[in-house]
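The values are calculated or read from the model by the stated rules, or taken from the named source; none is laboratory data. Because the structure is predicted, anything quoted here is derived from the model rather than measured. Quick reminder, even Gly has a Cβ in these numbers, built from the backbone with ideal geometry, and neighbours come from all protein chains shown. These area figures cover heavy atoms from the full protein model, side chains too; ligands, DNA and RNA do not enter into them. Shrake-Rupley method; radii C 1.70, N 1.55, O 1.52, S 1.80 Å.
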Amino acid sequence: MKRFFYFVVCILALAGCNEEKKQPMVDMTQNDKSDSLQMIIDQRENEINDLMATFNEIQEGFRLIAEAEDHVTIAKDGEGADKTKQIKDNIQFIQKKMAENRELIEKMRQQLRESSIKGDELKKTIEALVSQLEDKDTKLQQLRAELNAKDIHITELDEAITTLNNDVAELKDESNQKSQTISEQDKQLHMAYYVFGTKSELKEQNILEKGEVLKKNFNKNYFTKIDTRVDKEIKLYAKSAKVMTPHPASSYTLSPDATKQYVLRINNPDVFWSTSKYLVVLVK
């Protein structure tokens, strides 16, 4: 980020060297652009700083949890009447820090959702933090087994593990729900429909009327659903074919194959489906 900021500052400085060669109105426009660019840089800088501050808090929480775990290990292997109290105090501390880290992870998720930064790596980082919570859950369960083996029963440890299991389960459920929602939205975004048929077939479904298509309540169930990212070739099984919907001619080819039956090949899906998500082909 600092290198990028320095690069932008250099550009602005070079632009300033040419100010005297430009008209006043052009200078004002250039200054406006420079101000806008600086605002964007400042916004990104602030968003990244906020995310990193939250991330550092989470990492510090995990560090303190690790220290408390070490203290529990030392106490359970040691001697003395106060070792149960030491274990209890550290377990309570771990429980508190795990709850705080869960809230911070959710805060980081919210910051990323509301920021202009769209990075897959940041999402992976958040999922890695959730995995750390899962690791702590496993360690606490192992710790409970070790304490039980030494006849050290800590009620707070059972409560901490129950709370942690619930927290981790909620985070995983939320992550799975969001992934499923994004996947469904992505499918909807890239969904399209096509149909091919003779003039009489298309008329029967109210798809074609007086040489025009899709003008009335046509039968949508007659169409075939496709994924525009995957389906780029449609076999028409006919010796003659004509595209009736307004798809850009430069985005597709319509030509016969080796058997002299026509095939529609979509060369540029984004352009092809930009005018209509419905494709109608008249065949003979």
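Ligands, DNA and RNA aside, Ser250 has an accessible area near 100 Å² when probed at 1.4 Å. Remark: for residue pairs Lys96/Lys123; Lys107/Lys136; Lys88/Lys123, the C-alpha separation exceeds 27 Å in Lys88/Lys123.
Note on Asn206 and Lys124: with the Förster distance fixed at 41 Å, the Cβ-Cβ geometry gives a FRET efficiency of about 0.25. Close amide-amide hydrogen proximity is noted between Ile207 and Asn219, each under 5 Å apart and 5 or more residues distant or on a separate chain (H modeled in the peptide plane; Pro and chain starts excluded).
Per-residue surface analysis assigns Leu189 an accessible area of about 110 Å², computed on protein heavy atoms at 1.4 Å probe radius. Accessible surface comparison of Tyr237, Tyr252, Tyr222, probe 1.4 Å, protein chains only, largest first: the order is Tyr237, Tyr222, Tyr252. Applying 1/(1 + (r/R0)^6) with R0 = 41 Å to the Cβ-Cβ distance of Ile48 and Asp70 gives a FRET efficiency near 0.80.
In the assembled protein chains, Lys215 presents an accessible area of approximately 140 Å² (probe radius 1.4 Å).
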